[in-house]
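These notes are about the structure you will find just below.
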Amino acid sequence: MVHITYFVHGTTTDNEQHLSSGWKDVELSELGRQQAFALKDLTKDQTFDAVFCSDLKRAVDSAKLTWEGMYEIIPDARLRECNYETLNGASSDIVEPMQEGECLTKPFPEGESYEDVKARVADFLAFLKKNYDGKHVAIVAHKAPQIALDVLLKGKTWAQALADDWRKTKSWRPGWKYEIT
């Protein structure tokens with residue numbers, strides 16, 4: 001069994017402008033940096049065998065601001081947000097309805113679908129199972145990989161996972177627990 005604690009990156013400058021970054025490499029905002037620093041204290045009683053993060057700057061910076069010097073930070077492209085391609089950085093009013101509609105299975109224009117993200121995350125989970133069995137890992141990443149974990153490891157449908165998403169229910173917490181059995 002692999003124990004996973006999943007963390008989302010801090011607030012970005014795009015988040016504050018209601019933009020969906022996708023693969024656009026954006027900076028953490030001042031609030032996002034404060035959130036990452038605060039997470040260090042919120043997780044001080046937890047111990048991880050490894051800390052993985054998306055290779056996008058906002059996730060790498062969040063992980064480093066929280067745990068640099070305590071753990072090796074291991075970026076992995078399989079943990080990236082969904083690639084909205086021509087819509088990377090577009091208004092969330094455009095992107096979010098597509099996330100919950102046609103782009104669950106059909107790729108964003110010149111990009112990928114949530115099913116594509118699920119395949120990337122499934123490959124990453126197989127890697128964890130092979131290499132980190134019996135360990136506790138932290139992951140710092142984005143919305144789409146977290147929704148994919150809910151589908152892959154908690155048996156939710158896409159509709160259930162999206163409806164239960166903390167962003168909609170306003171139920172953020174300092175880490176979500178998952179297990180690979």
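For the reader, a short list of remarks on this structure follows.
- Filter result for Ile73 (closer than 21 Å to Val26 by Cβ, among the hydrophobic types (A, V, I, L, M, F, W, C) and over 19 Å from the mean Cα position of the chain (by Cα)): no
- Members of region 12-46 found to be at negative phi, in contact with a strand residue (DSSP E or B) (Cβ under 7 Å, 6 or more places away or on another chain) and not aliphatic (A, V, I, L, M), listed by number: Thr12, Ser20, Ser21, Glu27, Ser29, Gly32, Gln46
- Identity of the residue in region 136-181, among the β-branched types (Val, Ile, Thr), touching a helix residue (DSSP H, G or I) at 6+ places or on another chain (Cβ under 6 Å) and not in a strand (DSSP E or B), that ends up surrounded by the most Cβ atoms within 10 Å (Cβ to Cβ): Ile147
- The listed residues are Pro97, Pro107, and the only one of them that is modelled with pLDDT of 95 or more, out of contact with any Leu (no Cβ under 7 Å at 6 or more places or on another chain) and assigned to a loop (DSSP other than H, G, I, E, B) turns out to be Pro107.
- Some residue of region 59-76 being at pLDDT 95 or above, surrounded by 22 or more Cβ atoms within 10 Å (Cβ to Cβ), more than 27 Å from Lys129 (Cβ to Cβ) and among the charged types (D, E, K, R): yes
- Within region 47-56, the set of residues being in contact with a strand residue (DSSP E or B) (Cβ under 8 Å, 6 or more places away or on another chain) and either surrounded by fewer than 17 Cβ atoms within 10 Å (Cβ to Cβ) or not polar (S, T, N, Q) (or both) comprises Thr47, Phe48, Asp49, Ala50, Val51, Phe52, Cys53, Asp55.
- Asp133 in a loop (DSSP other than H, G, I, E, B), within 29 Å of Ala50 (Cβ to Cβ) and touching a residue at least 40 places away in the same chain (Cβ under 8 Å): yes
The values are calculated or read from the model by the stated rules, or taken from the named source; none is laboratory data. Here the structure is a predicted model, which means the values were calculated and not measured. Ideal geometry is used to build each Cβ from the backbone, glycine not excepted, and the neighbour counts take in all protein chains shown.
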